[in-house]
Amino acid sequence: MIDPWSSAILNYEKLIEEFGIKPFHDLLDDIKNPHILMRRGVIFGHRDYGRILKAMREKTKFSVVTGMMPSGKMHIGHKMVVDQLIWYQKKGAEIYIPIADMESYSARGINFSEAKRIAIDEYITNYIALGLDPDNDNLHIYLQSENKTVGDLAYKLAKKVNMNEMKSIYGFSGSTNIAHLYTPLIQVADILHPQLDELGGPKPTVVPVGPDQDPHIRLTRDIAERFSSQYNFISPSSTYHRFITGLTGGKMSSSKPKTAIFLSDSVEEAVGKLKSAKTGGRESLAEQQERGGVPEDCVVYEMLLYHLLHSDDELKKIYHECREGSIMCGECKTKAAEMMKNFFEEFQIKRENAKDKAKSIIN
């Protein structure tokens, strides 16, 4: 019998080989109460995660860094990163969340005041509503443009990075504006600055990313090595997660509204979008009963996998019923729509309650 978790991981074996990263499922037995996304193969790879495991096991200091890009609305695919932050917060991590207003300005033309508004209204509000504890002393949310420590470190790190590297990694050309050219170094400093002496000194740091961000992780690790004698940086660890599929297939994107369920959608909008989402069903009822469905190609199943269904046993049951043709897409959509309705009804209340707190995070 096919295991849905193994199936999810197999889809990413090529990426694991291509990027030279290690399969995450090999670590599961060493993790106490692993996150649901770890168990289900959504988090599929890692670099040097053993350092983080050791810190959690020995209850020593470690950091998690993940940024937010204030350029548009937050969709349900972004929720998986927040879910990981909540898990790490409970494990005692120092959490750093840079607001990438410098990148949104240089790459998207969004001014700094608008980026700040988007960060508060759209991102920080949702992070709190999803369960991140804003009063935890180990949580640090900041605007890149206002963090002098990060800015100073980025300038110093730039000394050992050349144009050929930047062109090779990011595809920059002669027409790239200088501000955009500089922002990757700000992001490197975001990842490395928790290890500065004034923030407690060198410590393991993990960055949860999608596989497309691995070139940036490799650059950051290289720069950490180049400055090892000056700062004693520990090369950052990383984990790699799958992207949730958009409602019409392809990648879910804030810039393509038809592909996304936004966290600011009404209950009716969210449910309606799910009901119209692409499934892995066959062309006819008879064919599906004979050949079964393809849950790996089904957006509705992915919603259950990532966000809506917490019971592994129940999810496995749906997976096998789909493949066997004993459950039809309409029935599965109805179940998922009810779960989506319940989630959004509760979430919208939490979102309203979080707004005032979000405004106090960055003044």
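The values are calculated or read from the model by the stated rules, or taken from the named source; none is laboratory data. Bear in mind that the values here come from a model prediction, so they are computed numbers and not experimental data. Here the Cβ is made from the backbone with ideal geometry for all residues, glycine too, and neighbour counts use every protein chain on show. The protein model used for the area step is the full one, side chains on, heavy atoms only, and it has no ligands, DNA or RNA in it. Shrake-Rupley method; radii C 1.70, N 1.55, O 1.52, S 1.80 Å.
Structure notes:
- Ligands, DNA and RNA are left out, and with a 1.4 angstrom probe the accessible area of segment 42-83 is 34 Å² per residue.
- Distance between the 7 Å Cα→Cβ label points at Ser360 and Lys22: 4.3 nm.
- Residue-normalised accessible area of segment 180-331, expressed per residue, 1.4 Å probe, Å²: 41
- Counting all C-alpha pairs of segment 216-363, share separated by more than 19 Å (%): 64
- For segment 24-53, backbone nitrogen atoms closer than 11 Å to the point 7 Å from Asp312 Cα along Cα-to-C-beta are found at 28-29, 33-41.
- Distance from the alpha carbon centroid of segment 16-89 to that of segment 286-363 works out to 21 angstrom.
- Measure of compaction for segment 235-319 (Cα Rg per 2.2 N^0.38 Å): 1.26
- Over the chain, relative contact order from alpha-carbon pairs under 8 Å, at least 6 apart, %: 19
- Normalised contact order of segment 191-344, rounded percent, pairs of Cα under 8 Å and 6 or more residues apart: 18
- Full extension of the segment from Arg39 to Thr334, taken as 0.36 nm per residue of separation minus the current Cα-Cα distance, would add 103.6 nm.
- Taking all C-alpha pairs of the chain, those more than 29 Å from each other amount to 44 percent.
- Those lysines that a straight Cα-Cα span of less than 22 Å connects to Lys317, excepting residues fewer than 8 apart in one chain: Lys275, Lys278, Lys333, Lys335, Lys341
- Extents of segment 299-363, taken as max minus min of Cα coordinates on every principal axis and listed largest first, are 55, 18, 17 Å.
- The dipole here belongs to the chain: it is taken about the Cα centre, uses +1 on the Cβ of Lys and Arg and -1 on the Cβ of Asp and Glu, and is about 560 debye.
- A straight chain from Lys258 to Asp297 at 0.36 nm per residue would run longer than the Cα-Cα distance by 12.3 nm.
- Among the protein heavy atoms of segment 71-127, carbon and sulfur supply 49% of the accessible surface, probe 1.4 Å, non-protein parts ignored.
- For the chain, share of DSSP beta bridges that run antiparallel, in % to the nearest 5: 35
- Kirkwood estimate for segment 61-152, i.e. one over the average of 1/r between Cα atoms, Å: 13.5
- DSSP-loop trypsin sites (Lys or Arg not before Pro) across segment 37-71, with at most 12 other Cβ within 10 angstrom: Lys59
- Partner lysines whose Cα lies under 25 Å from the Cα of Lys160, excluding those fewer than 8 positions away in the same chain, are identified as Lys148, Lys203.
- Taking the convex hull of Cα positions in segment 168-249, its mean projected area over all directions (nm²): 7.5
- Accessible area of segment 179-319 belonging to carbon and sulfur atoms, whole % at 1.4 Å probe: 49
- Projected area, mean over directions - segment 194-290, Cα convex hull, nm²: 10.5
- Segment 106-147-segment 224-255 distance, computed between alpha-carbon centres (Å): 18
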